[in-house]
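Okay, structure first, notes after.
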Amino acid sequence: MTTHPQRFTVLLVPEHFEDPQPATVEAGAVRSALVEATGEQGETGYPRYAGEGVIADIDPRTRTVEAVLVDGAELDYGFQAKIAP
């Protein structure tokens, strides 16, 4: 049986932001949200996490946000969702 993390912090950062330093990624975020596992599987096939106005399908193995809704809407162009280090 594979267990997945029960929570992640999702960071919303400008799309052009590519600094590899974890501290700078967090500092460059325009919003962050602590999301917790819902027990559901998202449309992408990955576990769904929700909290603080963010719903995200996250691949826990690669720590990649596969789909995200922010306050019920798709993420604005020019932004990307990342998992905090």
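We did not get these values from a lab; they are worked out from the coordinates using the rules stated. Because the structure is a prediction, the values reported are computed rather than measured. With ideal geometry, Cβ positions are generated from the backbone for all residues, glycine too; neighbour counts draw on all protein chains shown.
Quick query: amide H of residue 80 versus all other amide H atoms, modeled in the peptide plane; which residues come in under 5 Å with a sequence gap of 5 or more or a different chain?
Here 13, 15 satisfy the definition.
Could you please report the charge total around residue 57, scoring K, R as +1 and D, E as -1 over all other residues with beta-carbon less than 11 angstrom from its beta-carbon? Intermediate results must be reported in sequence, preceding the final value.
Details: positive: 48; negative: 40, 43, 59, 66.
Residues close to residue 57 contribute a combined charge of -3.
Output ³J(HN,Hα) for the range 37-52: one whole-Hz value per residue in order, computed from phi by the Karplus curve 6.51 cos²θ - 1.76 cosθ + 1.60 with θ = phi - 60°, and x for Gly and Pro.
So the J values, rounded to whole Hz, are 4, 9, x, 9, 9, x, 4, 7, x, 9, x, 9, 10, 8, x, 6.
Taking neighbour Cβ counts within 10 Å as the exposure measure, how do 7, 48 sort from fewest upward?
Working: 7 10, 48 18.
So the ranking, lowest neighbour count to highest, is 7, 48.
Filter the GluC sites (Glu not before Pro) in the range 3-85 to those in DSSP coil with at most 11 other Cβ atoms within 10 Å of their Cβ, and list the result. The partial results should precede the final answer.
Numbers: sites: 15, 18, 26, 36, 40, 43, 52, 66, 74; in loops: 15, 18, 43, 52.
Within the range 3-85, the qualifying GluC sites (Glu not before Pro) (loop, at most 11 other Cβ atoms within 10 Å) are 15, 18, 43.
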